[in-house]
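Undergrad: If you scroll down you'll find the structure; I have some questions about it.
The values are calculated or read from the model by the stated rules, or taken from the named source; none is laboratory data. As the structure is a prediction and not an experimental result, all values here were calculated from the model. As a convention, Cβ positions derive from the backbone with ideal geometry for all residues, glycine included, and neighbour counts pool all protein chains shown.
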Amino acid sequence: MAANTSTETTPAPGARERLLDAAEALIYAGGIHATGVDAIVRQSGTARKSFYTHFESKDALVAAALERRGERWMNWFIAGTQQRGTSARKRLLGMFDVLREWFASENFHGCAFLNAAGEIASAEDPIRIVARQHKERLLAFVRTQFDAFVAETHLDARRAAGLSRQWLVLLDGAIAVALVSGEPDAALDAQAVARTLLDAQFAGLSGQRDAPAGNKSSRPSSSKRPPARRTTT
């Protein structure tokens with residue numbers, strides 16, 4: 001019997017996928033305005049006709065590439081966060097360890113969505129909308145972790161929303177500083193601030209529980225001594 005020489009192979013990506021791959025790589029490295037359609041088509045190895053077959057404009061291609069990147073990035077970030085610990089506190093602080101790994105990689109060029117939003121003036125542009133939706137999704141994930149945190153620590157559940165927004169500022173701030181400075185440890189600096197923010201949620205809570213309601217002191221006011229009279233010489 002003749003040997004079976006057939007092997008399973010992954011089919012080559014179609015023209016649309018190759019255009020998305022090329023657009024994402026070029027735009028993330030060099031920016032939207034600096035990347036022309038010709039460069040995208042050339043890197044993708046497709047014909048220019050393929051570009052117009054699948055996308056009505058360069059902006060449509062960029063928006064689609066960002067949507068695909070956002071899905072992949074969020075899956076990576078969520079998985080990395082969940083691996084950092086069983087408690088919500090460990091997962092929240094672990095987010096910055098996940099970011100540091102990204103910052104230390106050779107292909108780190110900042111947040112693709114902040115970069116894109118910085119190049120597009122109109123808030124209603126499809127590219128800006130994709131960027132905004134990505135941040136909304138990231139905020140929603142952070143919120144799930146803070147909902148778990150307040151449940152574990154018996155904090156007021158109303159704090160979760162505010163803490164989530166502050167956490168997003170720390171995450172995006174770390175990304176921006178790492179991009180400009182080239183220092184992956186920007187993630188650890190943000191993590192230190194984040195730890196202080198978490199610890200601050202418990203400051204003074206025990207004292208507030210022990211203090212008598214409506215009074216700062218248990219002594220009656222009549223027992224207080226009058227201030228001593230000063231004499232002059």
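Undergrad: Looking for something out of contact with any Lys or Arg (no Cβ under 9 Å at 6 or more places or on another chain), buried (at least 16 other Cβ atoms within 10 Å of the Cβ) and not in a helix (DSSP H, G or I) - is there at least one such residue anywhere in region 166-175?
TA: No - not one qualifying residue is present in region 166-175.
Undergrad: Here is a further query. Let me spell it out: the conditions are (1) in contact (Cβ under 8 Å) with a residue 24 or more places away in the chain; (2) acidic (D, E); (3) not in a helix (DSSP H, G or I), and D97 meets all of them except one. Which number is the exception?
TA: (3)
Rundown of residues vs (1) assigned to a helix (DSSP H, G or I); (2) touching a strand residue (DSSP E or B) at 6+ places or on another chain (Cβ under 9 Å); (3) closer than 21 Å to A88 by Cβ, yes/no style:
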{"site": "N107", "(1), (2), (3)": "no, no, no"}
{"site": "L114", "(1), (2), (3)": "yes, no, no"}
{"site": "A117", "(1), (2), (3)": "yes, no, no"}
{"site": "A121", "(1), (2), (3)": "no, no, no"}
{"site": "I127", "(1), (2), (3)": "yes, no, no"}
{"site": "A131", "(1), (2), (3)": "yes, no, no"}
{"site": "E136", "(1), (2), (3)": "yes, no, yes"}
{"site": "R143", "(1), (2), (3)": "yes, no, yes"}
{"site": "F149", "(1), (2), (3)": "yes, no, yes"}
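Undergrad: Something else: Out of region 14-29, which residues are assigned to a helix (DSSP H, G or I) and loosely packed, with under 13 Cβ neighbours inside 10 Å?
TA: Answer for region 14-29, where residues must be assigned to a helix (DSSP H, G or I) and loosely packed, with under 13 Cβ neighbours inside 10 Å: just A29.
Undergrad: Next question, about the same structure. Out of the residues in region 90-121 meeting the condition of being touching a helix residue (DSSP H, G or I) at 6+ places or on another chain (Cβ under 6 Å) and basic (K, R), tell me which one is farthest from Y28 (Cα to Cα).
TA: Only one residue tops the list, namely R91.
Undergrad: For H33, only one of the following conditions fails: (1) in the same structural domain as A186 (by TED's automatic domain parsing); (2) surrounded by fewer than 17 Cβ atoms within 10 Å (Cβ to Cβ); (3) assigned to a loop (DSSP other than H, G, I, E, B). What is its number?
TA: Here H33 meets the rest and fails (1).
Undergrad: Can you pull out every residue in region 52-72 that is free of Cβ contacts under 8 Å to residues at least 24 places away in the same chain and either under 16 Å from L114 (Cα atoms) or not in a helix (DSSP H, G or I) (or both)?
TA: Listed by number, the residues that qualify are E56, S57, E71.
Undergrad: State yes or no: is A140 surrounded by fewer than 17 Cβ atoms within 10 Å (Cβ to Cβ), of a type in the set (A, V, I, L, M, F, W, C), farther than 30 Å from N107 by Cα and modelled with pLDDT of 85 or more?
TA: no
Undergrad: So, in region 154-165, of the ones that are at pLDDT below 95 and not basic (K, R), which residue ends up nearest to F202 (Cα to Cα)?
TA: Residue satisfying both the conditions and the ranking: L155.
Undergrad: Within the set of pairs 6+ apart or on separate chains, which have a first residue in region 112-133 that is farther than 14 Å from A60 by Cα and at pLDDT 95 or above, a second that is of a type in the set (D, E, K, R) and part of a helix (DSSP H, G or I), and C-beta atoms under 6 Å apart?
TA: Hits for this filter: A112/R69; A117/R128.
Undergrad: Which of the residues that make up region 68-88 are within 19 Å of T153 (Cα to Cα) and surrounded by fewer than 19 Cβ atoms within 10 Å (Cβ to Cβ)?
TA: Q82, R84, G85, T86, S87
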